[in-house]
Each structure stands twice: as structure tokens, then as C-alpha cells.
Amino acid sequence: MKRLCTLICLLLLCGCLAAQDFQCQVSINANQVTGGVNQQRYNDLQQKLYQFIHDRKWCQYNLKTNERIECALQINLTEVSGDVMKGTMTILLQRPVYKASYKTTLLNFQDKNIQFTYAEGDPLEYADNQNLSQFTALIAYYLNLFLAVEFDSFSMNGGAPYYSNMQSIVNFNQSAREKGWSVADNGQSNRYWISENLTNSTYSKLHDFFYQYHRLGLDVMNETPDAGRAVILESLRLLQQVNAQKSGLALVKIIASTKCDEIVNIFKEGMPSEKTQVINIMKQIDPTNSSRYDAINTASK
């Protein structure tokens with residue numbers, strides 16, 4: 001009997017480990033919350049969040065350990081009233097570049113308006129096509145975004161199932177009192193608009209961009225840097241075309257902000273004609289960071 005119990009525990013443990021799709025760093029910071037802070041409460045939530053992400057099967061494929069999605073979710077609480085928590089969340093997604101020690105950042109931005117309810121000791125529950133918890137819906141939304149963009153970066157339209165999941169989560173939260181899910185909330189940079197940009201066929205070239213820039217561009221640069229750089233330039237033209245369709249799209253802003261420094265470093269090594277083209281494209285797409293692209297003309301050391 002003892003051996004049977006041990007075997008069952010081992011099988012459950014193996015199943016748990018096999019289910020892991022993410023290598024995700026999570027943190028919950030409550031330093032900005034005024035009044036008495038029960039740090040154990042936030043430590044408990046952080047631990048439960050880690051387990052929620054890593055103990056659940058999110059991906060339709062069985063990923064090997066070295067294929068797990070590398071990401072981070074950093075929650076910064078600014079206001080807590082009873083069980084209602086408000087704040088921001090920093091979103092980070094990275095992936096390795098083929099035959100290189102370098103990791104490229106696919107997404108790096110901040111959700112500036114998160115709100116959820118959590119009572120100490122509450123379990124974190126989630127089910128597809130159900131609205132069990134605002135907090136788990138929020139986390140599931142971003143985990144599906146991570147999967148979608150990661151798979152898009154490896155195969156053409158590889159992230160399609162996960163974009164569909166994101167849209168379902170948005171639809172289920174249209175009547176939620178928490179902000180960020182609605183067309184009217186926070187301009188065009190909230191969860192609604194991120195999902196809309198990625199599921200609207202008008203902007204399908206966003207998916208082409210993720211694939212061309214990363215799989216056909218960055219992934220070949222270690223062996224053929226000139227060829228890789230040329231493909232990356234063409235991928236930036238795709239962003240330019242999407243921007244021409246509608247300026248100020250949430251995803252174009254996020255991509256440009258995430259990739260700014262990387263683009264500068266890549267094209268410092270480019271031909272003069274490439275440098276001129278990239279500077280013009282990026283200043284048009286990303287006027288907020290316009291001056292930063294001038295560094296492309298600075299000689300690399």
C-alpha cells in the first residue's frame with residue numbers, strides 16, 4: 001500500500017512537471033500601498049500565482065524543458081481596499097535566437113490599469129469560456145498572448161489558436177466592472193485593443209512581421225548577417241504598411257517600443273542605404289522615440 005501511494009505521488013508529480021509550458025518569473029510588489037501592509041498576504045498570492053501558471057497545461061503542444069516560454073509578470077499594487085486590489089502589471093516575453101547566446105525581447109510593456117479581487121486563502125480558479133475570477137482571467141489573457149506571439153515568431157500564423165483564446169476572454173469580460181476590457185477604456189492601448197489588433201484581418205501583416213523579423217531575420221543573422229538584416233528591413237516595411245492603414249495602433253506602439261534598441265544595434269552594422277531606410281521607417285512608425293533612431297548612424301565599437 002505504501003509503495004502504491006508513493007507511485008501515485010510520483011505519477012502526479014511527473015504529470016505536473018510535464019504540464020509546464022512556461023518559465024515565468026512572477027512578482028507582486030505592494031510597496032506603494034499606503035497604510036498597514038500584510039506582506040504575508042501578497043507572498044501567498046505570489047506563490048499561488050506561480051503555481052497557477054506552472055502547474056496548468058496552457059499549450060496544445062508538449063513542450064520540452066528548453067522550449068518553455070520565457071516570460072515575466074510583475075504586478076505593482078498601488079491601491080488596496082479590502083479585497084479589491086489595483087495597480088499596474090509589466091509584461092515581458094523573450095525567446096532565444098537560433099545559434100546565438102542572445103535572447104530577443106518580443107514584448108515589453110505595461111498594463112497600466114489592472115484591478116481584481118483577492119481574499120487571503122482564496123484558490124485561483126480558471127476555466128475556458130467561464131468567468132470565474134477577474135484575476136485569473138487577466139493572467140490567462142497574457143499567457144495566451146505570450147503563446148500566440150511566441151508561436152507566431154517561429155511559424156507563419158502559428159499563434160492563431162491563442163489569439164482566439166484571448167478574444168474569448170475579452171468577450172467574457174465585456175460586462176466586467178474592472179477597466180481594460182472595453183472598447184471605451186483607456187484609449188487604444190488596453191487589452192481590448194491589443195486583442196482587436198491581433199484578430200482583425202485588416203492588420204494580418206502584424207503576424208507576418210513576427211515571423212519574418214524573428215524566424216527569417218534574427219535567426220539567420222549568426223550565420224548570414226547581411227541576409228538576416230535585409231529580411232528584418234522588409235519586416236519593418238510590413239509595420240509601416242499597417243501603420244499607414246491606421247496610425248497609433250496599440251500593437252505597433254508596443255512592438256516599436258520593445259524593439260527600438262535592438263533595431264538600432266542591428267542596423268548600426270548595415271549599409272548606408274539600409275540605415276537611411278530604417279531611420280525613415282521607424283521615425284514614421286515611432287515618432288515618440290524619433291531621436292533614438294539617429295544612433296543607427298553611430299559607428300559600432
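The values are calculated or read from the model by the stated rules, or taken from the named source; none is laboratory data. Please read these numbers as outputs of a predicted model, since none were measured by experiment. Here Cβ is always computed from backbone atoms with ideal geometry, including for glycine, and neighbour counts include all displayed protein chains. Heads up: the accessible areas ignore ligands, DNA and RNA and are worked out on the full protein's heavy atoms, side chains in. Shrake-Rupley method; radii C 1.70, N 1.55, O 1.52, S 1.80 Å.
Surface composition of the chain: carbon and sulfur atoms hold 49% of the protein heavy-atom accessible area at a 1.4 Å probe. For the pair Asn62 and Gln40, label points projected 7 Å from Cα toward Cβ lie 4.2 nm apart. Shown for the chain are the DSSP H helices of 18 Å or more along their axis, judged by Cα atoms, with a mean Kyte-Doolittle hydropathy of at least 0.0: 2-18, 134-152, 225-245, 250-267. Of the residues Phe52, Cys71, Thr34, the one whose Cα sits farthest towards the positive end of the charge dipole of the stretch 32-77 is Phe52 (charges of +1 on Lys and Arg Cβ, -1 on Asp and Glu Cβ, taken about the Cα centre).
With a cut-off of 15 Å on the backbone N, the residues of the stretch 265-292 near the modelled label site 7 Å out from Asp226 along Cα-Cβ are 269-275.
Projecting the Cα atoms of Asn222, Gln241, Asn129 onto the charge dipole of the chain (Cβ charges, centred on the Cα centre) puts Asn222 farthest toward the positive pole.
In the chain, Rg over Rh equals 1.01, where Rg is the alpha-carbon radius of gyration and Rh the Kirkwood radius from pairwise Cα distances. Using the Cβ-Cβ distance between Ala160 and Val183 with R0 set to 22 Å, the FRET efficiency works out to roughly 0.45.
Computed packing ranks the peptides 108-116, 148-156 as 148-156, 108-116, most packed first, by mean other Cβ atoms within 10 Å. Over the stretch 185-301, accessible surface divided per residue gives 44 Å², non-protein components excluded, 1.4 Å probe.
Charge tally around Lys246: other residues with Cβ under 13 Å, Lys/Arg +1 each, Asp/Glu -1 each, net +1. Rounded to the nearest 20, the size of the Cβ-charge dipole of the chain about its Cα centre is 260 debye, with Lys and Arg at +1 and Asp and Glu at -1.
A Förster radius of 30 Å combined with the Cβ-Cβ distance from Gln241 to Met271 puts the calculated FRET efficiency at roughly 0.85.
Remark: the stretch 27-81 carries 57 Å² of accessible area per residue (probe radius 1.4 Å; ligands, DNA and RNA excluded). Across the chain, C-alpha contacts under 8 Å between residues 6 or more apart give a mean separation that, scaled by the residue count, equals a relative contact order of 12 percent.
Cα centroids of the stretch 40-98 and the stretch 153-182: 17 Å apart. With a ≥ b ≥ c the root eigenvalues of the C-alpha gyration tensor of the stretch 236-283, is it rounded (a/c under 1.5), prolate (a/b larger than b/c) or oblate? Oblate is the answer for the stretch 236-283, as a/c is 1.5 or above yet b/c matches or exceeds a/b. Placing unit charges on the Cβ atoms only, positive for Lys and Arg and negative for Asp and Glu, gives the stretch 228-301 a dipole magnitude near 80 debye about its Cα centre. Each peptide in 245-253, 207-215, 78-86, 165-173 gets a packing score, the mean of other Cβ atoms within 10 Å over its residues, and the list from highest to lowest is 207-215, 165-173, 245-253, 78-86. This model, with +1 at the C-beta of Lys and Arg and -1 at the C-beta of Asp and Glu, gives the stretch 34-126 a dipole about its Cα centre of some 580 debye.
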